[in-house]
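This report concerns only the one structure given below.
Values in this text are rule-based calculations from the coordinates and carry no lab data. Since the model is a prediction, treat every value here as computed from it, not as a measurement. As a convention, Cβ positions derive from the backbone with ideal geometry for all residues, glycine included, and neighbour counts pool all protein chains shown.
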Amino acid sequence: MIYFTTIKSDDEIYEVIALQKSNLPQSLSQEQMDSQGFVTVVHSFKTLKKMNDTEASIIAKDDDKVIGYLLAMTNASRNDIPVLIPMFKAFDQVIYQDKKIASFHYIVVGQVCVAEGYRGIGILDDCYKVYKEHFKNKYDFAITEINKNNKRSIRAHARIGFELVHSYKDAIGNEWDIVIWDWMKNSKSFNL
């Protein structure tokens, strides 16, 4: 039976790390990345535990097995993961609704992943419904960045209602789309 909850144990954090590891680019072929998407950031147990202690992340489980996750990250984590510092710096400068994103109270989708064999059946959409219900009364919106090469993720986030607010290139040449899911309005999908 598939159900959705928050991370409540160290074992669940380790399961998230295992699922993450199997979906990093070094674990996938180019064909798999093109068709199934990928994750880019490696989280340590310590970092995930700290993030989860600040705001509990959402997981999908099939009986006792973690089959998907939606990580919750706050501004408090901005310096904990060096590869994400440019994202937070972009948030400090990008304008949304005539204000800098940094002036809003937002929750960051720290990463999202659904296990192979469970994709395409609505797990991601249901994870996001739970995420929204869990955070909508505490935060103005959810925000994340997506690697422009991750077409499956871009399409999925557009379907859910995220809108493109900014694109940039990082120091090593990767291109990123910053997208927002504004819970207070009917977000329009961005162009692919």
Next item on the list: Select from Ile146, Leu164, Met33 the residue farthest towards the positive end of the dipole of the chain; place +1 on Cβ of Lys and Arg, -1 on Cβ of Asp and Glu, and compute about the Cα centre.
Entry: Leu164
Margin query: Show me, for segment 80-92, the HN-Hα J-couplings you get by feeding each phi into the Karplus relation (A = 6.51, B = -1.76, C = 1.60, θ = phi - 60°), rounded to Hz, glycine and proline as x.
Written below: 7, 10, x, 5, 9, 4, x, 5, 5, 5, 5, 4, 5
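A 24 angstrom limit on the alpha carbon distance is what I want to check against. Which of Lys21/Lys148; Lys21/Lys100; Lys99/Lys132; Lys50/Lys136; Lys49/Lys185; Lys89/Lys148 exceed it?
Over 24 Å apart, Cα to Cα: Lys21/Lys100; Lys49/Lys185.
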Checklist line | Dipole axis of segment 1-94 (+1 Lys, Arg; -1 Asp, Glu on Cβ), positive-most option in Phe4, Ala56, Asn79 | finding: Asn79
Next item on the list: Would you please state which residues of segment 136-159 a label at Ser167 would reach in this model, taking the label point 7 Å out along Cα→Cβ and a backbone N cut-off of under 19 Å?
Entry: 144-159
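Using 0.36 nm per residue of separation minus the Cα-Cα distance, give me the extension gain between Ala56 and Arg155 in nm, one decimal.
33.1 nm
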Check: What dipole magnitude, in Debye to the nearest 20, does segment 1-101 give about its Cα centre under +1 on Lys/Arg Cβ and -1 on Asp/Glu Cβ?
Finding: 440
Next item on the list: Per DSSP H run of at least 4 residues, take -39500 (n - 2.57); add these up for the chain, divide by its residues and hand me the 222 nm value, nearest 500 deg cm²/dmol.
Entry: -9500 deg cm²/dmol
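Could you list the square roots of 5 times each eigenvalue of the Cα gyration tensor of the chain, that is, the equivalent ellipsoid semi-axes, sorted largest first and rounded to whole Å?
Semi-axes, largest first: 23, 19, 17 Å.
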Notebook entry, point to check: For segment 21-129, taking Cα atoms only, what is the radius of gyration to one decimal and the Dmax to the nearest whole Å?
Noted result: 15.3, 45
Note to self: Quick check: pseudo-label points 7 Å beyond the Cα along Cα→Cβ at Asp92 and Glu31, how many nm apart are they?
What the structure shows: 4.4
Check: Relative to the Cα centre, what is the charge dipole magnitude of the chain, using +1 at the beta carbon of each Lys and Arg, -1 at the beta carbon of each Asp and Glu, and rounding to the nearest 20 debye?
Finding: 440
Check: Which of Ser77, Ser167, Ser103 moves most in a GNM of the chain, Cα contacts under 10 Å?
Finding: Ser103
Item checked: Backbone HN-Hα couplings from phi across segment 20-37 [Karplus 6.51/-1.76/1.60, Hz, Gly and Pro as x] -> 4, 4, 6, 10, 7, x, 5, 9, 10, 7, 4, 4, 5, 5, 5, 8, 10, x
